[in-house]
Amino acid sequence: MLPVRAPTHKRSAFAKAAAQACAACLAIAFPFQQAAAQSAAPAPLSPADELVQIQRDTHNRMTVPVKIGASGPYEFLIDTGSERTVLSRQVANALGMPIAGNGMVVGVAGSQAVQLVDVDEISLGKRTYYTLSAPLLDADHIGADGIVGLDSLQDQRVLIDFHANRMTIGDAASLGGTRGFEIVVKAKRRSGQLIMTNAIVDGVATDIVLDTGSDSSIGNPALRNALTRRRKAEQTVLFSVTGQSVNAELIMASTIDIAGLQLNNTWLAFADSPAFHRLGLVKRPAMLLGMAQLRMFRRVAIDFATRRVLFDLPVGVAGLDPHRTVF
């Protein structure tokens, strides 16, 4: 959801790649075992599951085809960091949708008053959702025709298969349960979000929210303050889908540990974002984990019904304790 603009002063090529809007894959290393585990084959899809082919927008995020009533398809982002499904103002105008009210949205860079429209029917593949109240934002700021948010994803599993470049939405059992996933992490639910509370960033206990709408990862001031202040910080700017921007510090984290998985040399942007206040993640160190880091895995399953996040490691890579569940 929030592409990062590179600072204007000279930096290393690696730092520039980390901060550019089309965020390239960052350096990552996992702990190896004596015998590397092979990932189990993905479970076959049942007729009830919906397979949606992934496209990529200019910020390396995912877009999927969505129909609004009989119109479309339109390209929407899948954003697990957004509470609400959002329409672009341009799509709403083209469909002649009347304004139904006003509301307030909270983005990484600030809060903004918005107009609302009532969406009678919205379809993602074979799954249809009814009677949604959707905020309107500008398509240029979204980078797509709209956003599929948590209000359209609750009680479902979102299975992102980066290796096959596809996403499946369905119930956890029909999508194979935990088969083929080396690490299963229990999460807490807050404002519809799933929050992993057992991550460690350079020795600091950190809450993590998976944000498929952001190409980059963003930390809160509590995490920044817990890390040593002697680290050199670059200056950067974060842009929100609301069109707002906020200044941020760009710092490399040596190690992000999630249930024994280690992401090494990861660039994090730090900002006092209203999004952290909205989630109640102000006093404790916390971060939004973006797509640049999620793409390091073979598959990621976000299971809203059972409040679990599952990770499938790349072939030839194994976690410290395969097939374990972390609470």
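Residues are listed down the side, and each one gets a yes or a no for (1) open to solvent by less than 10 Å² (accessible area, probe 1.4 Å); (2) more than 13 Å from Asp303 (Cβ to Cβ); (3) in contact with a Gly (Cβ under 8 Å, 6 or more places away or on another chain):
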{"position": "Ile142", "(1), (2), (3)": "yes, yes, no"}
{"position": "Val158", "(1), (2), (3)": "yes, no, no"}
{"position": "Arg166", "(1), (2), (3)": "no, yes, no"}
{"position": "Ile200", "(1), (2), (3)": "no, yes, no"}
{"position": "Gly219", "(1), (2), (3)": "yes, yes, no"}
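Per-residue answers, yes or no, for (1) surrounded by 19 or more Cβ atoms within 10 Å (Cβ to Cβ); (2) charged (D, E, K, R); (3) at negative phi; (4) touching a Leu at 6+ places or on another chain (Cβ under 8 Å):
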| residue | (1), (2), (3), (4) |
| --- | --- |
| Tyr74 | yes, no, yes, no |
| Gly81 | yes, no, yes, yes |
| Ala92 | yes, no, yes, yes |
| Val105 | yes, no, yes, yes |
| Ser111 | no, no, yes, no |
| Gln115 | no, no, yes, yes |
| Glu121 | no, yes, yes, no |
| Gly125 | no, no, no, yes |
(request) Could you list, in sequence order, all residues of region 291-306 that are open to solvent by less than 10 Å² (accessible area, probe 1.4 Å) and either touching a Leu at 6+ places or on another chain (Cβ under 8 Å) or of a type in the set (Ser, Thr, Tyr) (or both)? (result) Ala292, Gln293, Leu294, Phe297, Arg299, Val300, Ala301, Ile302, Asp303, Phe304
(message) Give me the strands (runs of 3 or more DSSP E) completely within region 113-187, filtered to those with at least 3 residues that are over 30 Å from Leu261 (Cβ atoms) and at pLDDT below 90, ordered by residue number.
(response) 127-137
(message) Here is a list: Thr197, Thr178. Which entry is over 30 Å from Arg127 (Cα atoms) and polar (S, T, N, Q)?
(response) Thr197
(message) Among the numbered criteria (1) without any contact (Cβ under 8 Å) to a residue 40 or more places away in the chain; (2) in contact with a His (Cβ under 9 Å, 6 or more places away or on another chain), which one does Gly143 miss?
(response) (1)
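The values are calculated or read from the model by the stated rules, or taken from the named source; none is laboratory data. What you see is a predicted model, and the numbers here were worked out from it, not measured in a lab. Positions of Cβ are generated from backbone atoms using ideal geometry, with glycine treated the same way; all protein chains shown enter the neighbour counts. With ligands, DNA and RNA removed, areas are computed over all heavy atoms of the protein, side chains included. Shrake-Rupley method; radii C 1.70, N 1.55, O 1.52, S 1.80 Å.
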